[in-house]
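Participant: Once you've had a glance at the structure underneath, I'll fire off some questions.
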There are 2 protein chains.
Amino acid sequence: MVKQLRAARTREALVLAAAETFADDGYALSSLPAISRRAGVSAGALHFHFPSKDALAAEVESAARRSVEERVAVRRSSATSELHLLITVTRELLVAVATDAVVRAGFRLSVDPSRKSGTDFGRWWRTWVCEQLLRAQHQGELAEGVAPDRVAAVIVAATFGFEVLGAQDRDRIAPLHADQFWSLVLPQLAARSDGFVCAVPPAS
Amino acid sequence: MVKQLRAARTREALVLAAAETFADDGYALSSLPAISRRAGVSAGALHFHFPSKDALAAEVESAARRSVEERVAVRRSSATSELHLLITVTRELLVAVATDAVVRAGFRLSVDPSRKSGTDFGRWWRTWVCEQLLRAQHQGELAEGVAPDRVAAVIVAATFGFEVLGAQDRDRIAPLHADQFWSLVLPQLAARSDGFVCAVPPAS
């Protein structure tokens, strides 16, 4: 039992160290020895858990996705509409990118030209945004003529753009970015009749 | 004279080959031998023109910037307002990213974590967008309460996001992305009195 717990902690430390390294230096320059050193773990232990850098990157992408999925589940219970959930999750994602190396690395790996095979997190986020807009449309929350797939492309581009541009004071400006984006976009997106949703809901 | 012309052509071929390589593989994985081979130029000729990979990347970023500056100069003469110029240049930039390896590499290098020193093109684009919004504000073209620096952050993030997300059919979808973005954002951005500018101007 103690052994299992220790193995789980080692694995977690490796995923975090890998995420930090990938996000800082890009996939190509990240070396397994540097990652195991950062995690305080032996090279043998790293290879026991992850046979390759690619496997480690895939696990970072999966962990990023699970992290955002958990946030979505929590927010869903208090969201007043599908559009409200989309806005809340986008804001939370931009904050997570600033404060959580795993989510940040998920974004980074999705668009890293030196990692050809992995786009799991980016693809998942794009699909989620598109499906969420379809749910909003189904509930009559979108203005007439709004095409969910095209609007999804704009939302996904903006979230990726805010991430890659980055900033020193990420955690301070991330929510401002999200609010600025929604205050520009929402009035065109939301059904006119649905007055309350035309203002960006306050952060909770 | 022939010698000078040949030197200029060699330099141009090297910049193009470097841009294609940086955009495809990222800065870290791009090697000088691969770039000189792609340009059909000897390793000695490459080193004569560019002492290092960093110098070559800096030249690609400068060339990207000059390319966009030239487009801005051409568009300025036919633009009907400062906001119109901003919209036209953004659309043109997204098309250029699809069709011009140098502009694409300019974007890529600006956000490549494996190239620590270079952000020349990205910084220039951000500054240009912000100054253009200030000019629009000065001309009374912006709605009341619009903060040029914050809106600039959204526009710059979206353009970077569209670029890094990429697509196979870039040249076909790039203008659609630009139009979708502006049709969402412009009604909030433009002064209400300035009716004609509230619709995205047709591509010229």
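Just so you know, all these numbers are worked out from the coordinates, no wet-lab data involved. All of these numbers come straight from a predicted model, not from anything done at the bench. Neighbour counts are summed over all protein chains in view; Cβ atoms, including those assigned to glycine, are modelled from backbone coordinates with ideal geometry.
Participant: Quantify how strongly other chains surround peptide B:177-189 by giving the mean number of their Cβ atoms within 10 Å of each of its Cβ atoms.
Facilitator: 5
Participant: Per-residue mean of other chain beta-carbon atoms within 10 angstrom of the beta-carbon, peptide A:21-27?
Facilitator: Taking all residues of A:21-27 together, the mean is 3.
Participant: If one takes the longest principal axis of the Cα atoms in chain B, at what angle in degrees, from 0 to 90 and to the nearest 10, does the Cα axis of helix B:101-110 lie?
Facilitator: Roughly 80 degrees, rounded to the nearest 10.
Participant: Across peptide A:28-38, how many C-beta atoms of other chains are within 10 Å of each residue C-beta, on average?
Facilitator: The mean count of partner-chain Cβ atoms within 10 Å per residue comes to 2.
Participant: What is the magnitude of the charge dipole of the protein assembly as shown about its Cα centre, with +1 placed on the Cβ of each Lys and Arg, -1 on the Cβ of each Asp and Glu, and no other charges, expressed in debye to the nearest 20?
Facilitator: Computed charge dipole of the protein assembly as shown: roughly 1060 debye.
Participant: What is the Cα centroid distance between the stretch B:11-70 and the stretch A:89-130, reported in whole angstrom?
Facilitator: That distance is 29 Å.
Participant: Who wins for biggest fluctuation among B:V156, B:V129, B:V164 in a Gaussian network model of chain B, springs between alpha carbons below 10 Å?
Facilitator: For chain B, modelled as a Gaussian network with Cα springs under 10 Å, the answer is B:V164.
Participant: Pick from B:V95, B:V15, B:V146 the residue whose mean-square fluctuation is largest in a GNM of chain B, springs joining Cα atoms under 10 Å.
Facilitator: It is B:V146.
Participant: Which distances in nm, rounded to one decimal and ordered from shortest, link the label point of B:R135 to the equivalent label points in the other identical copies, with labels set 7 Å from Cα toward Cβ?
Facilitator: 4.4
Participant: Tell me which lysines have Cα within less than 30 Å of B:K53's Cα, excluding those fewer than 8 residues away on the same chain?
Facilitator: Within the straight-line cut-off, B:K53 pairs with A:K53, A:K116, B:K3, B:K116.
Participant: Expressed as an acute angle from 0 to 90° and rounded to the nearest 10, what is the orientation of the C-alpha long axis of helix B:120-138 relative to the principal long axis of chain B?
Facilitator: Approximately 20 degrees, to the nearest ten.
Participant: Put a label point 7 Å from Cα along the Cβ direction on B:L176, then list its distances to the equivalent points in the other copies in nm, shortest first.
Facilitator: 3.6
Participant: Using a Gaussian network for chain B with springs between C-alpha atoms less than 10 Å apart, which of these wobbles most: B:A18, B:A136, B:A157?
Facilitator: B:A157
Participant: Using the 7 Å Cα-to-Cβ label point, sort the distances from A:A7 to its equivalents in the other copies shortest first and give them in nm to one decimal.
Facilitator: Label point to label point, same position, other copies: 6.6 nm.
Participant: Could you work out Rg/(2.2 N^0.38 Å) for the stretch B:62-198, with Rg from alpha carbons only?
Facilitator: 1.03
Participant: Which angle from 0 to 90°, rounded to the nearest 10, does the C-alpha axis of helix B:2-29 make with the longest principal axis of chain B?
Facilitator: 70
Participant: Compute the Rg to Rh ratio over the protein assembly as shown from the alpha carbon atoms, using the Kirkwood formula for Rh, and round to two decimal places.
Facilitator: 1.00
Participant: Which residues' amide hydrogens lie under 5 Å from the amide hydrogen of B:D112, considering only partners 5 or more residues apart or on another chain, with H built in the peptide plane?
Facilitator: So B:D112 has HN proximity to no qualifying residue.
Participant: Per the Kirkwood treatment, what hydrodynamic radius in Å, one decimal, follows for the stretch B:1-49 from the mean inverse distance over all distinct Cα pairs?
Facilitator: 10.9
Participant: Tell me, what ³J(HN,Hα) does each residue in the stretch B:61-70 have, in order and in whole Hz, if you take phi through Karplus 6.51 cos²θ - 1.76 cosθ + 1.60 with θ = phi - 60° and put x for Gly and Pro?
Facilitator: Values per residue, Gly and Pro as x: 5, 5, 5, 4, 5, 4, 4, 6, 4, 5 Hz.
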